[in-house]
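Bear in mind these aren't lab numbers, they're just calculated from the coordinates by the rules spelled out. Computed from a predicted model, the values in this text were never measured in an experiment. Ideal geometry is used to build each Cβ from the backbone, glycine not excepted, and the neighbour counts take in all protein chains shown.
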Amino acid sequence: MCVGLYFYWVAGNATTSETDEKILSYVFCVYKSEIFINRQRIGTKNKFNIMDKIVEIAKKRFRERKTQDVHLVADSKANELLNDIENNPHVYVLACLMDRQIKAERAWNIPLQVFDYFGTHEINKLAEIPLEDYKKVFNGKKLHHFNDMMAEYFYKAILRINETYKGNAAKIWQGKPSSALVVYRFLEFEGCGIKIATMAANLLARLFDVEFSDYYSIEVSPDIHVMRVMKRIGYISQNADREMAIYKARELNPEFPGIIDAFCWDLGTTCCRPVNPKCNECIINNECKKQIKL
Ligand code: SF4
């Protein structure tokens, strides 16, 4: 009801003292509502300003991405091979599949250690080696926490690449497929869950400049660094889990939910460290809510 109509109604339906009382109570209600609405506006504005800024930076970085060697591991030989997704795309796929429950650097080094042991990284030769030998190298070199299981995933991935993709793993992402199809193709590898599949697709799009027809299914990969940053900036609550982070990222930028991934990860591994975060050096220092729980 508008203010004019309200006054008209109370004047015609109440005594003078009742009218005063009703007007006063109405004015008080309006005042309280205004405060509430303004607080909501301010809260929403702050919340979305920072996320808008992050999305804007992430989009700019994505637009300006260049095909260059991506620093994935410290070992230069391993890094070179992992980056060679044109000639040795299976190395990238195998490394992604190993990236679970151990540090990424260790996981991404596994393919090279296996190749060194067998003296080859050619997929057709690797496909001739029996599973037992893979188990031997995984256990002997203690490549992973779960050596028998990961050796089997490694071995089966080699067979799948050799048979389904005729030795060329790049067929997983060639020809500008949809992001959903690329994620699905990774999921078809035994031992590959949604986290690895979306991470693999995400890195292909962001770091290796692989073109997809859309980016809807490229989710944020909420590892420990991404989670820490999302919590500290106040975009998700302190007790939010990874699934909640994924849905918030979808809400933020549905056409490419994973676009903020690299930005958050970069902050989490540089200035937004678990202890003593360097807020003064941080690009979002002014906007961040700094909900820091040490
Ligand atoms: S301002 Fe501080 S708490 Fe916020 S993201 Fe940057 S380093 Fe982390």
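Close amide-amide hydrogen proximity is noted between residue 216 and 179, each under 5 Å apart and 5 or more residues distant or on a separate chain (H modeled in the peptide plane; Pro and chain starts excluded).
The lysine pair count for region 129-210, using Cα distances under 24 Å and pairs eight or more places apart or on different chains, is 11. Centre-to-centre separation between the Cα atoms of region 162-216 and those of region 84-107: 13 Å.
With the simple spin-label model, which puts each label point 7 Å out from Cα in the Cβ direction, the residue 87 to residue 102 separation comes to 2.7 nm.
Site pair residue 133 and residue 80 shows an inter-label distance of 2.5 nm when each label is modelled 7 Å from Cα along Cα→Cβ.
Of all alpha-carbon pairs in region 167-252, indicate the percentage at a distance above 18 angstrom.
When every Cα pair of region 167-252 is considered, 46 percent fall beyond 18 Å.
For region 104-236, a simple Cβ point-charge model (Lys and Arg +1, Asp and Glu -1, everything else neutral) yields a dipole of about 380 debye relative to the Cα centre.
Given Cα pairs under 8 Å that are at least 6 residues apart, what percent is the relative contact order of region 76-172? Let's see the in-between values first.
Details: 98 pairs, mean separation 28.7, N = 97.
For region 76-172, the relative contact order is 30 percent.
Place a point 7 Å from the Cα of residue 195 along the Cα-to-Cβ direction; which residues of region 228-243 have their backbone N under 15 Å from it? 228, 241-243, by backbone N distance to the label point. For the pair residue 61 and residue 146 in one chain, pulling the backbone fully straight at 0.36 nm per residue adds 26.9 nm over the alpha carbon distance.
In straight-distance terms, cross-link reach from residue 77 covers every one of the aspartates and glutamates whose alpha-carbon lies under 15 Å from its own, apart from those fewer than eight places away in the same chain; here that gives 69, 105, 116.
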